[in-house]
Amino acid sequence: MRHASVPISFQTIQVVSDLRSVAATGFGALADKIGAAHKPALRRIIFEQRCELSSRDAKEIHADLLLAAALPDKGLDPFMTATALLLADRLQNGAGHDDLFWNWDAFQDHYRKGPSPVRAALMNGFRWAHTTRRVNLDQLPEARDLLTYDGDDLIRILKVIARSMPSETRDLVCTAGPAETRDVHRTALENCLKGSCILSEYGGWFPGEVVELVSLDPEHAGHAGCTALVLLEALVTNDAKGRMAFRWEEQADRYLRMKSDVRTAILAGVRHLYEMSPEWRPYASWTPDQILQKAVVVPFAKP
């Protein structure tokens, strides 16, 4: 991807990572579709070349991939997988040399029939290909097409995590602020947790100051609950102040090591931020090499 004409950014590596995951998950069905003779080449392209076609691959297998990506009624899984592979190749400036405009024009309704992670990966792939001028779409994906998860469900689950902080943990959270403000923080935190759990609806500074501080400390007992509160705020404001983008830069590895129930919800929320807007860009100040070497993508939500 280093020599791709698509700018290297978090959005680019996340989109391509999801498309690669779709291709890897659907390898078997696509291999059966295009025939045993092409199976070794397909395996190499997906798992070794990471969905980037060489000139040799383009001559050998590209036409078969295009055919599979044009026959949804002959098998939705290989159809989706072939489309994901071709999109990933396009975004990496591979040798496929097909902008997939016709595919989008003809099959966008079929893409909507896929499992939500696959559908979202394809739709975000087309949106980003359009944004980066790798394809010119006459109609962009609709907002709901781009989302893996239902936003209301995410908000409900994150509220449960935030409210699960026991009283003593809530007390501890408020000790992150100056002594003279702790009682005010504690009252504001309680009101927030009993109410909407949206920090900005309770004045911002109280309890926002202590919640934000604790959300930056992975060793703190209130880290998960406070992270859920910061994420809830980001979801309803499109992360207007960039707080979750910053936390993803700083703590992505720690989020991946959270307890499974909390981890699933936090990662789903972060994915939702990415899918809601192409303007959500962690690592914005990083160089392309830094992004390629060190940036963390949100794990694919397998169907």
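The values are calculated or read from the model by the stated rules, or taken from the named source; none is laboratory data. Here the structure is a predicted model, which is why all the values come from computation and not from measurement. Note that each Cβ is placed from the backbone with ideal geometry, even for glycine, and that neighbours are counted across all protein chains shown.
Could we say that Ser167 is under 15 Å from Ala228 (Cβ atoms) and hydroxyl-bearing (Ser, Thr, Tyr) here? No, not satisfied. Show the residue pairs meeting these rules: Cβ distance below 7 Å; 6+ apart or different chains; first residue within the stretch 249-271 and surrounded by fewer than 17 Cβ atoms within 10 Å (Cβ to Cβ); second residue among the aromatic types (Phe, Trp, Tyr). The qualifying pairs are Arg263/Tyr255.
Every listed requirement among (1) part of a helix (DSSP H, G or I); (2) modelled with pLDDT of 95 or more; (3) closer than 18 Å to Leu229 by Cα is met by Asp261 save one, (2). Against the numbered list (1) under 30 Å from Trp248 (Cβ atoms); (2) more than 21 Å from the chain's Cα centre (by Cα), Asp57 comes up short only at (1).
Taking the criterion of being over 25 Å from Arg271 (Cα atoms) and touching an Asp or Glu at 6+ places or on another chain (Cβ under 9 Å), the residues of the stretch 99-128 that qualify are Phe101, Asp105. Of the numbered criteria (1) crowded, with 24+ Cβ neighbours inside 10 Å; (2) farther than 19 Å from Ala295 by Cβ; (3) not charged (D, E, K, R), the one Ile61 fails is (1). Per the listing Ala234, Ala252, the residue uniquely assigned to a helix (DSSP H, G or I), in the same structural domain as Leu193 (by TED's automatic domain parsing) and under 20 Å from Gly151 (Cα atoms) is Ala234. Among the criteria (1) within 26 Å of the chain's Cα centre (by Cα); (2) surrounded by fewer than 17 Cβ atoms within 10 Å (Cβ to Cβ); (3) not basic (Lys, Arg), the one Leu91 does not fulfil is (2).
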